[in-house]
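Read through the structure below, which is laid out as structure tokens, and then see the notes.
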Amino acid sequence: MRSRPTVALLLAITFVSTSCATFHVVSPKAFQTSSQEFSVVDRHIVIEVTFNRGVDRSTVIVGKTLVLKTQQDPHAHVSLTWSENATSLSLRTTKVVEDLLKFDPDGHFTLTLIGTDTGEGAVTDRNGHPLDGESDGVDGGDYQTSFTLVG
């Protein structure tokens, strides 16, 4: 009996990964109420925001494209501190907690980042892509999340 030569066929399938994820906030999660994703330091509210890629810092304008709404101040002023690569941002209120919140019995506040330019601008990444505020895979839309300080 004669043996036949064996031919092996190698089929290589290569998956190409493209970074097509939209520019969005990683943390805190959007559209939820949290009592733990912020801190109070020296009576000032501090919120850490993390993005999936670097932000064009010039597009983050307090009171226009970044709005912190508290019970006593619909446009609370904050100071911003950026990470070196602009993928995270720390915001700190300039007023103290007692001047921003009404404890009945808890204090509530909301952070909004604008992703749809309606004349005041929008937060964008370094390449000019607008924020996907709703994390729905489509550029644009406003990011919003709420916080509760238990009184």
Criterion first (under 17 Å from Ser34 (Cβ atoms), hydroxyl-bearing (Ser, Thr, Tyr) and assigned to a loop (DSSP other than H, G, I, E, B)) does Ser90 satisfy it? no
Closer than 17 Å to Val26 by Cα and in contact with a Ser or Thr (Cβ under 6 Å, 6 or more places away or on another chain) - does that describe any residue in region 73-80? no
Of all residues in region 99-151 being surrounded by 20 or more Cβ atoms within 10 Å (Cβ to Cβ) and of a type in the set (S, T, N, Q), which is modelled with the highest pLDDT? Thr124
Is there a residue being in contact (Cβ under 8 Å) with a residue 40 or more places away in the chain, assigned to a helix (DSSP H, G or I), on the phi < 0 side of the Ramachandran plot and among the hydrophobic types (A, V, I, L, M, F, W, C) anywhere in region 119-142? no
Out of the residues in region 13-29 that are assigned to a loop (DSSP other than H, G, I, E, B) and modelled with pLDDT of 50 or more, which is nearest to Ile47 (Cα to Cα)? Pro28
Go through (1) buried (at least 17 other Cβ atoms within 10 Å of the Cβ); (2) under 15 Å from Phe38 (Cα atoms); (3) not charged (D, E, K, R) for Leu80 and report which single condition fails. (1)
Within region 94-118, take every residue that is of a type in the set (D, E, K, R) and part of a loop (DSSP other than H, G, I, E, B) and give me the one that is farthest from Leu66 (Cα to Cα). Asp104
Close pairs from region 74-85: first part of a strand (DSSP E or B), partner hydroxyl-bearing (Ser, Thr, Tyr), Cβ under 7 Å, at least 6 apart: Ala76/Thr70; Ala76/Thr93; Val78/Thr93; Val78/Thr94; Ser79/Thr94; Thr81/Ser90
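The values are calculated or read from the model by the stated rules, or taken from the named source; none is laboratory data. Not measured: the values here are computed from a predicted model. Note: ideal-geometry Cβ built from the backbone for every residue, glycine included; neighbour counts use all protein chains shown.
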